[in-house]
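Visitor: Below is one structure. I have some questions about it.
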Amino acid sequence: MKSYRSIQLGALAAALALALPVAHAVSNGPLPTPKVNLSTTQANASYDRFIITYRDGSAERGNRNAVVQNLGAAIGRTGLVHASTQSRGAQPLGVSYKRHLAVGSELVHTSRKLSQSEASALMTQIAADPAVAHVEVDTMMQAVRDVQAPTLLAPTQLLNGAPNDPYYASNQWHFNNAVGGADVEKAWKLADGNGVVVAVLDTGITQHPDLDLSLADAGYDFIVDAFVSGRDANGRVPGGWDTGNWTNSEPWQSQCTDASHPPTTSNWHGTHVAGTIAELTDNGQGLAGIAHNAKVLPVRVLGHCGGYNSDIADAIVWASGGHVDGVPDNQNPAQVINMSLGGAGVCSASDVTGKAIADAIGRGTTVVAAAGNSNADAANFTPASCPGVITVGSNGITGKRAYYSNYGTTVTISAPGGGVYQNDDPSSGQAANPQGFVWSTINDGTSVPGNAAYGGMAGTSQATPHVAGVVAMILSATKGASLATPTPAQIRTLLTTTARPFPVSIDKPIGVGIVDTWAAVNKSIGGPAPVETVKALANGVLLGGQSGGAGATSLYSLNVPAGARNLSLRTMGGTGDVTIYVSTDTPPAIDGSDALYKSAKPGNNEAVVIAAPVAGTYYIRVVGVAAYAKVSVLGNYQL
């Protein structure tokens, strides 16, 4: 992840084959996950907090005495009874019970920190107990730290039909730019977020005249540890207020910072995220928000040094309307959760974060998470890789993948997060202002809150609230039209099937395209879908010279008459990697979720062969797994 002040880089030639229908091309079910998640541990770190999930009906589940006894036996089996130095007078390694988590897991604390190898040995021994379903380290997540922008440009003349917020036209390219923006303004004719609650799990929120703070006191600070929260005592407290997360003074500087994580002032990250989602709009001041009549429920999970997974998991459950022991139930359950935070590690359905997200989705809450800013595969970051989340990558004003954005098949969709440099090109070496950044509400305090202000940041943290805001707009529109509330799965489909194709070649995949607010909201209430260009194929005639970026898609059609046989739909030649999806009568979705057939081999030689096709129009969607060029498309049949 990049620091707030500076950037730190670390969130289809094969023979033709018969393609199987999608239903037959997938596995019979999810692969079993290991009982121990070691992916979140690092060689240069140490650990003293562990999360254990015991099987239902086990004696240990929810029983602190049984848990401590179980762990004592595991410690004995590891040989980690004394400190690793084996120095004279070393105290035995002990364990204490912390609390029972909302997802049913147990949090424990060891009396000293363990190295990666020691932690791995302990977790392996814990998992050896048949009563244990899963064990993991309680890792520290961070705000997906971003690049800070120069100052706001001066207000410019208001455009006809635009809101009267003075800095809107001059700075918020990311709302309207037809190339890399999210096409927000046009969608305000259909919805404004009214009646929707969006929970922002972040650093909390600060006082700001351009934010609706009506749910700030109804939010909650889920940080238990006093060192992380900055309070005098352990424990959670009401209110979602950001009291600062600086690390450039003691006691945090010596324990939270290193060469990869330099000391920082408070970044007011949650305030910036909240503003992108729902900053007050057309009120004659500042900037605008996407779903500006939605309510933001701030939930503080990140403080000094970051925030523990155990707190974040509880916060996910609580924000979505679930019960958490010791905390009053949330009276304003969120329909959308935004998490512009993350850390290293693969997230499975067995991890506490994965379980909490599944619980939230089960309650009808859509969970949106940042892909991360490490220019790496998002599959190796959490919560970006958690099952069920909508994972958001970042593009700049030209539509290119932002150079810092994590990527890969885990990423669902891209949104404007800022490319930092001119033409989104880091080799230019010169920041673009304002086009390189996303602009929103902040605070000018360097430690504790100071004065309300506005500022720009760039990162997947900024891309993510664009998508969360669009989800709120969809929910608001369907509610206003008296339609059934879309499920999280239906919302995912709405976003992916209306995404705008990348306008330029994308070097690495960051989803199916760029989020299109107007198209998604319009489709959610039954409006006409944008007309997609379809290239007609003639039987047996090769169409060459096809190209696109990673995630780019092109649609082709072939009319097949009655009596035809041996229908072959192919791509071949050129460079890169593509997948093809095939359906009849209507085009397949960009993600292929409704395709009848698909072909997804490495490289560009893909084929769907149907011996006895029914008569009709066959649509072939070509999707770039990686950037591709000079690819040919062919459809032919025999009569």
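The values are calculated or read from the model by the stated rules, or taken from the named source; none is laboratory data. Here the structure is a predicted model, which is why all the values come from computation and not from measurement. Heads up, the Cβs are rebuilt from the backbone with ideal geometry, glycines too, and the neighbour counts pull from every protein chain shown.
Visitor: Got a sec? Which of Gly526, Gly540 is out of contact with any Asp or Glu (no Cβ under 7 Å at 6 or more places or on another chain), assigned to a loop (DSSP other than H, G, I, E, B), over 30 Å from Lys479 (Cβ atoms) and not charged (D, E, K, R)?
Guide: Details: Gly526 fails: over 30 Å from Lys479 (Cβ atoms).
Among Gly526, Gly540, only Gly540 is out of contact with any Asp or Glu (no Cβ under 7 Å at 6 or more places or on another chain), assigned to a loop (DSSP other than H, G, I, E, B), over 30 Å from Lys479 (Cβ atoms) and not charged (D, E, K, R).
Visitor: If I filter the range 372-379 for residues that are in contact with a helix residue (DSSP H, G or I) (Cβ under 8 Å, 6 or more places away or on another chain) and either among the basic types (Lys, Arg) or within 25 Å of Ser414 (Cα to Cα) (or both), do I get at least one hit? Full working, then the answer.
Guide: First, pick out the residues of the range 372-379 that are in contact with a helix residue (DSSP H, G or I) (Cβ under 8 Å, 6 or more places away or on another chain): 372-373.
Checking the rest, the ones that are also either among the basic types (Lys, Arg) or within 25 Å of Ser414 (Cα to Cα) (or both) come to 372-373.
Yes, because at least one residue in the range 372-379 is in contact with a helix residue (DSSP H, G or I) (Cβ under 8 Å, 6 or more places away or on another chain) and either among the basic types (Lys, Arg) or within 25 Å of Ser414 (Cα to Cα) (or both).
Visitor: Please work out which residue is surrounded by the fewest Cβ atoms within 10 Å (Cβ to Cβ), limiting yourself to the range 577-632 and to residues that are β-branched (Val, Ile, Thr) and assigned to a loop (DSSP other than H, G, I, E, B). Quick ask: steps written out before the conclusion?
Guide: The first filter runs over the range 577-632 and keeps only residues β-branched (Val, Ile, Thr), leaving 578-580, 582, 584, 586, 590, 608-610, 614, 617, 620, 622-623, 625, 631.
Now drop any that are not assigned to a loop (DSSP other than H, G, I, E, B), which leaves 586, 590, 614.
Working: Thr586: 9, Ile590: 24, Val614: 12.
Ranking the qualifying residues of the range 577-632, first place goes to Thr586.
Visitor: Next question. Wholly within the range 406-489, which strands (runs of 3 or more DSSP E) include no fewer than the required count, namely at least 2 residues that are farther than 26 Å from Leu211 by Cα and either of a type in the set (D, E, K, R) or modelled with pLDDT of 95 or more (or both)?
Guide: Values: elements: 413-416, 438-443, 452-458.
Where strands (runs of 3 or more DSSP E) fall fully within the range 406-489, none carries at least 2 residues being farther than 26 Å from Leu211 by Cα and either of a type in the set (D, E, K, R) or modelled with pLDDT of 95 or more (or both).
To keep it simple, each residue is scored yes or no on (1) in contact with an Asp or Glu (Cβ under 7 Å, 6 or more places away or on another chain); (2) at pLDDT 90 or above; (3) surrounded by fewer than 14 Cβ atoms within 10 Å (Cβ to Cβ); (4) part of a strand (DSSP E or B).
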position	(1), (2), (3), (4)
Thr33	no, no, no, no
Ser39	no, no, no, no
Asn44	no, no, yes, no
Ile51	yes, yes, no, yes
Asp56	no, yes, yes, no
Ala59	no, no, yes, no
Val67	yes, yes, no, no
Asn70	yes, no, no, no
Ala83	no, no, no, no
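Visitor: Now for a separate question. Any idea which of Asn332, Asn283, Asn245, Asn234 is in contact with a His (Cβ under 6 Å, 6 or more places away or on another chain) and not hydrophobic (A, V, I, L, M, F, W, C)?
Guide: Details: Asn332 fails: in contact with a His (Cβ under 6 Å, 6 or more places away or on another chain); Asn283 fails: in contact with a His (Cβ under 6 Å, 6 or more places away or on another chain); Asn234 fails: in contact with a His (Cβ under 6 Å, 6 or more places away or on another chain).
After applying the criteria, what remains is Asn245.
Visitor: Can you find, within the range 512-543, the residue that is surrounded by the most Cβ atoms within 10 Å (Cβ to Cβ) among those that are among the charged types (D, E, K, R) and under 28 Å from the mean Cα position of the chain (by Cα)? Give the steps one after another, and end with the answer.
Guide: As a first pass, look at the range 512-543 and keep what is among the charged types (D, E, K, R): 516, 523, 532, 535.
With the extra rule that they be under 28 Å from the mean Cα position of the chain (by Cα), the set shrinks to 516, 523, 532.
On the way: Asp516: 25, Lys523: 20, Glu532: 12.
Among them, the one singled out is Asp516.
Visitor: Name the residue that is nearest to the chain's Cα centre (by Cα), counting only residues in the range 580-595 that are closer than 18 Å to Ile491 by Cβ and charged (D, E, K, R).
Guide: The residue in question is Asp591.
Visitor: Also, quick follow-up: Can you pull out the helices (runs of 4 or more DSSP H) entirely within the range 111-224 that have at least 2 residues that are at pLDDT below 90, assigned by TED's automatic domain parsing to the domain that holds Ser350 and more than 30 Å from Gly343 (Cβ to Cβ)?
Guide: On the way: elements: 116-127, 168-171, 173-176.
Fully inside the range 111-224 and qualifying: 168-171.
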